[in-house]
Amino acid sequence: MARILIAEDHEPFAKLLIKLLSRHGYETSHAPDGVSALTAIATSPPDLLLLDLRLPKLSGIDLLKKLRASDKTRQLPVVILTGAFKGEKYAQGAKRLGVHHFLEKPSSSEQLLGAIQASLGTPVSAAVTPTASKPRPFVSWLQQAFLAPFSGLMTLKQQDRSHRLLFLQGIPLALQPGFTRSDLGEHLHKKGLVTKEEYDYYRNHGDDRHDLLVRMGCFDYPQLLQEKLVFLTEQLSHAFTLGDFQAEMQSLSRLPLMQPSLVNVPQLILHGFHQQSRKEIPTPLLDQYIAPNTDYFRFINFFAPNLGEKDFLKSINGQRTVKECIPEGEYVGAILQTLRALNMVQLATQPLTPAEPGDMPLRVLFADYEEDDLLDSDTTVNFDDLVGDADFDLDLRPDAPTGQESAPQTATSSAAGEEDLAAKVRRTHGELKGKDYYAVFGMKSGDFSIDRLKERYFELTKQFGPEVLMQLYGEESSLVQEILSTVTNAYNTLSDVVKKERYDEMLGSENIGLGREGDDVFQAQVQFQSGKVFLDMEEWDSAEKALTDAHSADPQNGEYLANLAWSIYRNPRNQQSRAAMDKSRQMLNKSLALQKTADGFAYKGWMLFENGQDAIAEAEFNKALKINARSTLARRGLRQIQEKREADKKGLFRKMFS
């Protein structure tokens, strides 16, 4: 039974702590001031000190310094629970005195118990959560273990099923059995990555099988680690949907030098909340002011929020309510639940002062690169530049003669004028539907002229330029943007020789027109093929522009995104930009999450190889060859690695015998 000394001057709160810890099997004693605490420790050292920093007679900080100065008490585990000294500065100061658990009042009982278990660092049977404890959702148990952080074995029980989950410093490492699959082998067998014979052999080898699939030649070691991570993450995500669990937690010895890097727990919690059915945010919560607290900067960069969630996070500054931070039409319930579960925000009925990251250097927040900085730089059409001084107009009505100039449209504030303009927008938008790129400009493929293309492009962009857009609202405003997007895509394709040739080939084999189902995909294919040609020609700017268009038309296509990342990475004008290099790597990783492609793995291999990470690069090249055995880029990469190794061997040989 572990003995805990509670150094706390507030008598009612000390009694609550004694009651809580006694209920969980700990033996407790109480010291109301720093001097009596020091005397008690000198007389009979406890197993752990629960310390308030603002103590009479001898402050908690001075008490802690005296304890660390003595050989007898230097290693005494200490958990700080304070309401007076809050913030990262004090937490860092406590760490320098050997205190790794700095809790601010008020803290939950789960946080306190988790910190005590982790600080004791040895199995404490009396501190195990009883089997008969009240069932709780999986996220609650995961939150408790992660925030403590807990090292040990958590046994989750639900009806007649039991699952053992191993943690190290709050990070899940292993699960047995899974929630939907009994083990990793079944998971891989269902995915078609191992045969039934291989799975049967794996299943019959009990605990002696953590690297068996590597020994069997099914995977190389980096691939096995990746599959283990996928299995564990998928299973834990599924646990969010399974209702409440009872749990037993058995602490194990803490290994301070180990830094586990398996499951991204904050992102897992966010993903789990997304899996649950959407819930309305309660009105009292919507009306509260919200601001980051110190833990906000501890976890924020582990998230991969969507665009709506990013906008929400950017708005949290303590001067706005939750309701005021929510972007129009966006759902932020999942990210808000996650922020609260991880104690990342403070809420109040009055404006708040947001916490700062302290002395921690902070490059970005939640990977907050500006998409337009890299995707759209120098690649999109500037309508003001293209329109120039054009003073002509184009009527797209079917009965209007080709090239006939219509009367200039004059802006008017009258209701009739606005109705005419709105009607014109709706009519033009409807007429563009179903037209191929030539028909958009009143031409056919047989009478194409680049001069006429430019002339009519300027006419259209002038007709629906910014001054028109400013006069419209709602649906008509969106329709104008769609018209301009359609016209721009058509112009970009027909004004480029390579893209136009590809388009003509596809137009002859399949009748796909603007606005029809599948047209965005078609446009993306045209741009992608052009981008690949430019990559082969090493015309990096043109490749980046074409692939940006492809990605914009089909943002969920991993192959398009992988090639765009490679064009940014290889473009000489980006070589000196740290942001561009980081962005290209981030985009490539995202592309592989969307779609595992030979190009994606080959590009990643070269990025790693050029960074000196030969072993990991080799694994990526092999992944590329498993998808496409003819991948020239992957083969060349493996050859480069082999040549480098041979050169290193020769150099070593000369050193040994020269």
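In the range 306-320, which residue that is in contact with a Pro (Cβ under 9 Å, 6 or more places away or on another chain) and not in a helix (DSSP H, G or I) is nearest to residue 337 (Cα to Cα)? Checking each candidate, the answer is 316.
So that you can scan it fast, the table gives a plain yes or no per residue for (1) modelled with pLDDT of 85 or more; (2) more than 22 Å from the chain's Cα centre (by Cα); (3) part of a loop (DSSP other than H, G, I, E, B); (4) polar (S, T, N, Q):
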| residue | (1), (2), (3), (4) |
| --- | --- |
| 259 | no, no, yes, yes |
| 280 | yes, yes, yes, no |
| 298 | no, no, no, no |
| 304 | no, no, yes, no |
| 327 | yes, no, yes, no |
| 334 | yes, no, no, no |
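Among what's in the range 53-85 and is part of a loop (DSSP other than H, G, I, E, B) and touching a Ser or Thr at 6+ places or on another chain (Cβ under 6 Å), pick the residue that is surrounded by the most Cβ atoms within 10 Å (Cβ to Cβ). Looking at the filtered set, the residue picked out is 77.
Checked against (1) at pLDDT below 90; (2) closer than 26 Å to residue 498 by Cβ; (3) under 25 Å from the mean Cα position of the chain (by Cα), residue 572 meets all criteria but (3). Going by what's in this entry, would residue 45 be described as more than 25 Å from residue 355 (Cα to Cα), at pLDDT below 75 and of a type outside the set (A, V, I, L, M)? In short, no. I'm trying to understand the selection: among the residues of the range 184-199, which are of a type outside the set (A, V, I, L, M, F, W, C) and touching a helix residue (DSSP H, G or I) at 6+ places or on another chain (Cβ under 9 Å)? Matches in the range 184-199: 185, 186, 187, 189, 191, 195, 196, 198, 199.
Here is the figure for the range 310-345: residues that are buried (at least 19 other Cβ atoms within 10 Å of the Cβ) and touching a Ser or Thr at 6+ places or on another chain (Cβ under 9 Å) total 5.
The helices (runs of 4 or more DSSP H) located wholly in the range 598-658 that include 1 or more residues which are aromatic (Phe, Trp, Tyr), modelled with pLDDT of 90 or more and surrounded by 11 or more Cβ atoms within 10 Å (Cβ to Cβ) occupy 598-610, 614-627.
Looking only at the range 274-309, residues that are more than 23 Å from residue 104 (Cβ to Cβ), surrounded by fewer than 19 Cβ atoms within 10 Å (Cβ to Cβ) and not small (Gly, Ala, Ser) come to 14 in all. When residue 39 is tested against the conditions (1) surrounded by 14 or more Cβ atoms within 10 Å (Cβ to Cβ); (2) part of a helix (DSSP H, G or I), the lone failure is (1). In the range 42-52, of all residues being touching a residue at least 60 places away in the same chain (Cβ under 8 Å) and not in a loop (DSSP other than H, G, I, E, B), the one that is nearest to residue 71 (Cα to Cα) corresponds to 48. Applying a threshold of 9 Å to beta carbon distances and a minimum spacing of six or more residues, or different chains, the list of pairs starting in the range 624-639 at a residue that is in contact (Cβ under 8 Å) with a residue 12 or more places away in the chain and ending at one that is assigned to a helix (DSSP H, G or I) and hydroxyl-bearing (Ser, Thr, Tyr) reads 624/603; 633/603. Could you please let me know if residue 508 is on the phi > 0 side of the Ramachandran plot, modelled with pLDDT under 85, of a type outside the set (D, E, K, R) and in the same structural domain as residue 624 (by TED's automatic domain parsing)? In short, no.
Just the residues that are in a helix (DSSP H, G or I) and either touching a His at 6+ places or on another chain (Cβ under 6 Å) or among the aliphatic types (A, V, I, L, M) (or both), please, taken from the range 282-296. Of everything in the range 282-296, those that are in a helix (DSSP H, G or I) and either touching a His at 6+ places or on another chain (Cβ under 6 Å) or among the aliphatic types (A, V, I, L, M) (or both) turn out to be 285, 286.
Got a number for residues in the range 551-569 being in a helix (DSSP H, G or I) and at pLDDT 85 or above? Matching residues across the range 551-569 total 13.
The values are calculated or read from the model by the stated rules, or taken from the named source; none is laboratory data. All values derive from a computational prediction rather than experimental measurement. Here the Cβ is made from the backbone with ideal geometry for all residues, glycine too, and neighbour counts use every protein chain on show.
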